[in-house]
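Everything below concerns the one structure shown next.
The values are calculated or read from the model by the stated rules, or taken from the named source; none is laboratory data. Bear in mind the structure is a predicted one, so any value in this text is a computation, not a measurement. Cβ placement follows ideal geometry from the backbone for every residue including glycine, while neighbour counts extend to all protein chains displayed.
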Amino acid sequence: MAPRQMSSDPDRFPIEAEIVPLVFAFHTLGVCRPCWSCEGHLDSTGGILRPPQVWFYSDTVFYPRLVEEHLAALRIKRRIENDWRVSVTVAEVDNPSTTFSLAPRAPETDTAEGLASLRRDAATIADGLFEGVRAAARTFLRSIENRLHTA
């Protein structure tokens, strides 16, 4: 039910099963509205044609920065196997929101196992996204408070 409700056109563009948890996690954040996703696909030779990814809108760079902090924490704790990044995808003059993407830089291996690894990472990122972004925001606010008290 939720994947159909999150899609702008569920009949023509359903959200693919392997990426639903990450799309839902972005949806529940409320400040990074997902607008496109892909669960990742292999090409005819078994290599990765397209990696898993989610594109989302944000009215400020602050929220994508918090998502990036969550990714950094997961990397430090070795909870994800691949290097993921948040980057600007589209910035249109007539749209106040900017489109960002969350995608892996490159998998360890360009095979079905590499895609499986990326999909495991996507699930791990999704699992803790809300709390990870909240923790990053708290850390950011503490740093601002510390600067105000020392100024």
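Just a few scattered comments:
- Tabulated pairs, the stretch 1-29, first closer than 18 Å to residue 52 by Cβ and among the aliphatic types (A, V, I, L, M), second assigned to a loop (DSSP other than H, G, I, E, B) and at pLDDT below 80, C-beta under 6 angstrom, 6+ apart or interchain: 15/7
- Within the stretch 21-43, if we keep just the residues that are of a type in the set (Gly, Ala, Ser) and at pLDDT 95 or above, the residue that is farthest from residue 108 (Cα to Cα) turns out to be 25.
- Checked against the criterion of being assigned to a helix (DSSP H, G or I), surrounded by fewer than 15 Cβ atoms within 10 Å (Cβ to Cβ), of a type outside the set (Phe, Trp, Tyr) and touching a Leu at 6+ places or on another chain (Cβ under 9 Å), the stretch 123-132 contains not a single residue that satisfies it.
This table checks each residue for (1) touching a Gly at 6+ places or on another chain (Cβ under 7 Å); (2) surrounded by 13 or more Cβ atoms within 10 Å (Cβ to Cβ); (3) closer than 28 Å to residue 136 by Cα; (4) without any contact (Cβ under 8 Å) to a residue 12 or more places away in the chain.
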residue	(1), (2), (3), (4)
42	no, yes, no, no
51	yes, yes, yes, no
63	no, yes, yes, no
68	no, yes, yes, no
76	no, no, yes, yes
80	no, yes, yes, no
86	no, yes, yes, no
100	no, yes, yes, no
118	yes, yes, yes, no
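- Of all residues in the stretch 26-85, those being touching a helix residue (DSSP H, G or I) at 6+ places or on another chain (Cβ under 8 Å), within 17 Å of residue 118 (Cα to Cα) and part of a loop (DSSP other than H, G, I, E, B) number 10.
- Scanning the stretch 88-139 for residues that are farther than 26 Å from residue 60 by Cβ and not β-branched (Val, Ile, Thr) yields a count of 14.
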